[in-house]
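Each remark here refers to the structure printed beneath this line.
Please treat every number below as a calculation from the coordinates, not as lab data. As the structure is a prediction and not an experimental result, all values here were calculated from the model. All Cβ positions, even for glycine, are placed from backbone atoms using ideal geometry, and neighbour counts span all protein chains on display.
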Amino acid sequence: MASKLIFNRKRFFLVLFSFIIQCILGFFFGHQYDMGIFLTSGYIVAKGDVPYGLFPASQIFNHQGFFEILPGLGYPPPWGLFLGLVYLIVYKPTSNIFVYNLAVKIPGILANIGLAFIMEKIAIQEGIDKINSNRIFHFFLFNPYFIYISAVWGQFDSVVIMLVILAINYLLHCKWIKSSVFVALATSLKIIPLLLFPMYLFYLRRNHKSLSSIKFVSTFVAANIILSYLPFKILNWDPGILINNLDFHFNRAGCFTLFNIFDLLYGREKFPHGLEFLGYLWIPALVFLYYGLSKTKLENRIDLLRWTSSIIFITILTRSWVSEQNIILLIPLMILPTLFYNKNWKTISLTWILPLIFSIINTSPFQMFFLISPRPLAFIRDLDIFMKFPRLLLKFLIVIPWQFLGWTYIIKSIRDSKKYAK
């Protein structure tokens with residue numbers, strides 16, 4: 001009993017330490033562009049206006065770190081409504097931009113801690129040994145990349161992937177309605193989880209009666225209407241700008257993809273004329289992957305995680321634009337299949353180390369100081385006058401091992417599972 005008490009007390013202090021570290025970093029730092037959009041959108045929503053458009057961010061907050069003009073949100077309403085609520089509860093009474101900055105990041109920070117408990121529990125249930133299960137717990141509490149993206153950068157991808165994992169758990173326990181609601185909530189925050197929807201239907205069709213698929217689909221549609229459609233109607237928000245900018249995801253080329261070579265060769269982050277079709281490459285790639293996965297079994301949680309991680313990975317590998325924070329959607333899904341089949345952490349480590357190196361080369365860390373001082377960003381801009389070509393070359397080169405890692409993982413994920421028998 002005493003040893004259990006000490007163990008629990010130790011865990012409590014580990015979680016508290018992780019939370020404090022992330023809150024301290026979250027208070028001071030933030031990505032100039034993304035957090036600028038989030039903080040500005042909170043103000044716009046709190047005023048009762050539409051958070052889709054262009055806004056004079058520097059005038060709203062009278063702070064030199066904000067860009068003069070920032071676009072609004074690129075997401076459906078739920079995240080914007082959360083930002084408006086945080087503005088009203090936190091910023092309006094305090095007028096403290098740092099407290100507001102931290103408050104917006106709390107869901108991401110709590111999701112990191114939630115993932116530590118959820119993933120460790122799943123690992124134990126799936127027969128992962130105690131050493132690796134414990135390592136998973138510490139991984140999500142103190143992994144530099146998760147802390148960097150959630151607490152420092154300010155993105156909420158860890159919230160999205162936690163919802164996906166919870167949806168998978170409910171699916172396994174035959175709780176179709178709860179599972180589909182979590183899927184809908186995840187897709188109402190970021191669109192990428194929608195690509196997993198056919199996988200849920202594959203699973204239900206193979207393992208359960210058709211009524212389960214009907215319940216799942218109907219609940220998913222209803223939840224999406226409530227979360228992503230009704231707010232536009234109730235609040236009288238015009239979704240036109242959001243819809244008209246959807247092609248942004250197909251015509252922009254660069255960041256953590258092989259397509260950043262166009263920035264190196266032509267000095268622009270768009271496809272040259274005649275190559276625009278490459279922006280749609282991820283669609284046939286996803287179709288072929290689903291075909292390959294359909295030949296493998298899909299019966300248990302490891303199978304679901306193997307499918308899910310492969311689907312997210314191939315999307316990241318073939319999309320024309322992938323920001324570093326999107327890798328957070330992949331890592332929790334890879335951990336258990338990797339340990340289950342290969343029993344080593346090398347692949348898992350490379351999955352966060354490579355994008356972290358890329359982010360440094362991409363000068364993203366220098367944008368995190370925008371609330372504190374303009375000097376780090378000014379320094380890297382001055383340095384980039386002389387170092388731009390080598391930096392762009394390094395950006396392209398670091399993506400090559402990332403591509404190799406990804407395609408190797410996808411091929412192995414198909415080979416490691418027994419062929420699905422009809």
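Under a point-charge model restricted to the Cβ atoms of Lys and Arg (+1) and Asp and Glu (-1), what is the dipole moment magnitude of region 98-235 relative to its Cα centre, in debye to the nearest 20?
I would put it at about 420 debye.
If you scale each eigenvalue of the Cα gyration tensor by 5 and take the root, what three semi-axes come out for region 165-290, rounded to whole angstrom and sorted largest first?
The answer is 34, 21, 11 Å, longest axis first.
Report the calculated FRET efficiency for ASP238 and HIS173 (r = Cβ-Cβ distance, R0 = 45 Å), to the nearest 0.05.
0.65
Give the relative contact order (percent, whole number) for the chain; include only Cα pairs under 8 Å separated by 6+ residues.
18
Give the lysines whose C-alpha is closer than 17 Å to that of LYS209, dropping any in the same chain fewer than 8 places away, or say none.
LYS209 reaches LYS175, LYS422.
DSSP loop (so not H, G, I, E, B), at most 13 other Cβ within 10 Å: list which trypsin sites (Lys or Arg not before Pro) in region 288-385 pass both filters.
LYS295, LYS343
Starting with the fewest neighbours, write out ASP49, ASP157, ASP238 ranked by other beta-carbon atoms found within 10 Å of each beta-carbon.
Result, fewest neighbours first: ASP238, ASP49, ASP157.
Where does the chain land on Rg(C-alpha)/(2.2 N^0.38 Å)?
My calculation over the Cα atoms of the chain gives 0.99.
Considering only LEU330, ILE380, TRP307, whose Cα is most displaced toward the positive end of the charge dipole of the chain, charges sitting on Cβ of Lys, Arg (+1) and Asp, Glu (-1)?
Result: TRP307, furthest along the dipole toward the positive end.
State the answer as a single residue: which of ILE109, SER413, ILE89 lies farthest towards the positive end of the charge dipole of the chain, with beta carbon charges of +1 for Lys and Arg and -1 for Asp and Glu, about the Cα centre.
SER413
So, in nm, how far is label GLU276 from label LEU350 when the simple model puts each one 7 Å beyond its Cα toward the Cβ?
3.7
State whether region 221-360 is rounded, prolate or oblate according to the following rule on the C-alpha gyration tensor (a ≥ b ≥ c being the square roots of its eigenvalues): a/c under 1.5 gives rounded; otherwise a/b larger than b/c gives prolate, and the remaining case gives oblate.
oblate
What does the charge dipole of the chain about its Cα centre add up to, to the nearest 20 debye, if the Cβ of each Lys and Arg holds +1 and the Cβ of each Asp and Glu holds -1?
For the chain, the charge dipole is close to 1600 debye.
Relative to a virtual label point 7 Å from the Cα of ASP382 in the Cα→beta-carbon direction, which members of region 57-84 show backbone nitrogen distances below 19 Å?
Residues 65 qualify, since their backbone N sits under 19 Å from the label point.
For region 195-254, run through the trypsin sites (Lys or Arg not before Pro) and keep only the ones in DSSP coil with at most 12 other Cβ atoms within 10 Å of their Cβ.
For trypsin sites (Lys or Arg not before Pro) across region 195-254 that sit outside H, G, I, E and B with at most 12 neighbouring Cβ atoms in 10 Å, the list reads LYS209.
Report, in deg cm²/dmol and to the nearest 500, the calculated mean residue ellipticity at 222 nm for the chain, where each DSSP H run with n ≥ 4 adds -39500 (n - 2.57) and the sum is divided by the residue count.
It lands at -21500 deg cm²/dmol.
Any of LYS178/LYS297; LYS105/LYS130; LYS121/LYS178; LYS10/LYS121 with alpha carbons more than 26 Å apart? Name them for me.
Among LYS178/LYS297; LYS105/LYS130; LYS121/LYS178; LYS10/LYS121, the Cα-Cα distance tops 26 Å for LYS105/LYS130.
Out of PHE396, PHE182, PHE250, whose Cα points farthest toward the positive end of the dipole of the chain (charges: +1 Lys, Arg; -1 Asp, Glu; placed on Cβ)?
The listed residue farthest towards the positive side: PHE182.
In square nanometres, what is one fourth of the surface area of the convex hull spanned by the alpha carbons of region 45-142?
8.3
What distance in nm separates the two pseudo spin-label positions at ILE283 and ARG391, each 7 Å out from Cα along the beta-carbon direction?
Spacing of the two 7 Å Cα→Cβ label points: 3.5 nm.
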